[in-house]
Structure formats: structure tokens, C-alpha cells
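**Q** Take this structure first; my questions come after.
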Amino acid sequence: MNGKIFAIGDIHGCAAKLSLLLDRLPFDSRHDTLVFLGDYLDRGPQVKEVLDQICRLQQDGVRIVPLMGNHEYLLLEYHKTGDQALLPYLRGLGLENTLESYGGVSLSQLTSLAFMPPEHRAFLDSLLPYWETEEYIFVHAGLRQGQPLADQDISDLCEIREPFLSTDIDYGKRVIFGHNSFATPLVTPFRIGIDTGAAYGNLLTAVELPSLRFHHAA
């Protein structure tokens, strides 16, 4: 694979920060790849605008790898199953902000996702559980120790915290992840965490690989 990789952490409806960050990246659309680590939805006020931006990049032919975060995973589970037990979790994740960004639609429309444009629904359906290159594993939350990558459970890939966070082991490739918010990027020999809490008034962060250069938008 030629070109650089730019991985972007949890966006959570922060469309203005995403726009600023994309403008700042030394990104060559002919050769480079953008990896989004998931959690586009909830918490922030501009979820629809975030998906609009990413869909425009895709339409423009930019090489994008979109991963699934726990917020998308739970929403899609509810969309598929209609399991009412998931609603309290979704609301605790800031679901109302997503509904508000689409014009204040009601919870009753979640099972169909009909309030979303077709390109947004197609984008959610395209999300990957992980992405692997020769040097890196990109994932939203982390990995379960002792399990081959192909056998990892989707709920772990999207939601795991411990023991992934406290046990810095070698998974064979460096793991680039989001999900857990740090004041500054976490950098260890085996992991790089780039969720820096954009939805909480902090920075939106991208890491440029292989140079390990960080880019931010406030």
C-alpha cells in the first residue's frame, strides 16, 4: 500500500472540528487514506453535518476506511432488532443529540432510520469492525487478548476497555484505537489512542502514519 494513513478519532457530531481538521491535514487524495475510528453519532450537535462531510469525501473519490464505533453498533442493533432494552443505553450515549441534528425526529423513527438520507444509511451499513495493514490494526475500542483478529467479537472491538487499556501487550501490529478519551494521545510501543474528547470541548485528533505526527482541531 502506497501513501500515508491519517486516522481520525471519535468525532461525535463535532462537524466544525472535523472540517477544520481535514483542512489542516497534509493529505494527498491521490495516494493517502483516511481512516475514521468510529463514533460519528451522539453527544455533539452536528451529527447530520458530520455524515454529510464524510459522504462528500466518498463521493469525491477520497480513499476512506470507516470503522464502526459503539454508538453506531448499538443504534444498528436497535434498528435491526427493535429491542426496547437498548433504548436506555442509547439515550445514555447522547442519542437525543443525533435526533435533534436531523430536525428533532422522535424515538419511534429509530427502528426504520427513515429520517436519515439514503447515503447516510448506506454509510452506516458500510462500517467495518476493524481494518488491518502490514503494520497496524485499526479498531474503535481495542482487542481481546489471546484471540485471533478474525475471531474477535464485534462487541469487544467496539466497546472493550479492560483489560485492553491496562495490559500493554504486543498484538503483532500496533493498534490504533479511539473510544477511551485521553487529554493527549496515548502512545506506547504497541498502542496509539487518539480519542481526545472532542465532544467534551477538547481536541479532535488525527494521527499521521507512519511518521507518527499528530494533528488537532479545537
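The values are calculated or read from the model by the stated rules, or taken from the named source; none is laboratory data. Predicted, not measured: the structure shown is a model, and the values here were computed from it. A quick note on method: Cβ atoms are made from the backbone with ideal geometry, for glycine too, and the neighbour counts reach across all protein chains shown.
**Q** Look at Leu95 and say whether it is over 17 Å from Leu67 (Cβ atoms), surrounded by 17 or more Cβ atoms within 10 Å (Cβ to Cβ) and within 17 Å of the chain's Cα centre (by Cα).
**A** yes
**Q** Here's another thing I want to ask about it. Among the residues of segment 1-37, which ones are farther than 19 Å from Asp60 by Cβ, within 15 Å of the chain's Cα centre (by Cα) and outside any loop (DSSP other than H, G, I, E, B)?
**A** Ala7, Lys17
**Q** Within the group Arg43, Arg91, Arg56, Arg24, which residue is touching a strand residue (DSSP E or B) at 6+ places or on another chain (Cβ under 8 Å), of a type in the set (Lys, Arg) and under 27 Å from Asn202 (Cα atoms)?
**A** Being touching a strand residue (DSSP E or B) at 6+ places or on another chain (Cβ under 8 Å), of a type in the set (Lys, Arg) and under 27 Å from Asn202 (Cα atoms) holds for just one of Arg43, Arg91, Arg56, Arg24, which is Arg24.
**Q** Can you tell me which residue within segment 139-156, out of those that are surrounded by 15 or more Cβ atoms within 10 Å (Cβ to Cβ) and hydrophobic (A, V, I, L, M, F, W, C), is nearest to Pro129 (Cα to Cα)?
**A** Residue satisfying both the conditions and the ranking: Val139.
**Q** Being farther than 16 Å from Gly38 by Cβ and of a type in the set (Gly, Ala, Ser) is the filter; apply it to segment 165-186 and report the residue that is surrounded by the fewest Cβ atoms within 10 Å (Cβ to Cβ).
**A** Step by step, filter segment 165-186, then rank; the result is Ser166.
**Q** I need the full set of residues from segment 105-162 which are polar (S, T, N, Q), in a loop (DSSP other than H, G, I, E, B) and modelled with pLDDT under 95, in order please.
**A** Ser106, Thr111, Ser112, Gln145, Gln147
**Q** As an exercise: evaluate Leu110 against (1) surrounded by fewer than 19 Cβ atoms within 10 Å (Cβ to Cβ); (2) more than 21 Å from Leu34 (Cβ to Cβ) and give the number of the one condition it does not meet.
**A** (1)
**Q** Given the criterion touching an Asp or Glu at 6+ places or on another chain (Cβ under 9 Å), in contact (Cβ under 8 Å) with a residue 12 or more places away in the chain and either buried (at least 20 other Cβ atoms within 10 Å of the Cβ) or hydrophobic (A, V, I, L, M, F, W, C) (or both), identify the matching residue among Gly9, Gly3, Gly44.
**A** Result of the check over Gly9, Gly3, Gly44: Gly9.
**Q** Got a sec? Which of Tyr89, Tyr136, Tyr73, Tyr130 is among the aromatic types (Phe, Trp, Tyr) and more than 30 Å from Asp170 (Cβ to Cβ)?
**A** Tyr89
**Q** Having 2 or more residues that are among the hydrophobic types (A, V, I, L, M, F, W, C) and closer than 20 Å to Cys14 by Cβ is the bar; report the strands (runs of 3 or more DSSP E) wholly within segment 176-218 that clear it.
**A** So the answer is 204-209, 213-217.
**Q** Taking Glu159, is it surrounded by fewer than 20 Cβ atoms within 10 Å (Cβ to Cβ) and either at positive phi or more than 19 Å from the chain's Cα centre (by Cα) (or both)?
**A** So Glu159 does not fit the description; no.
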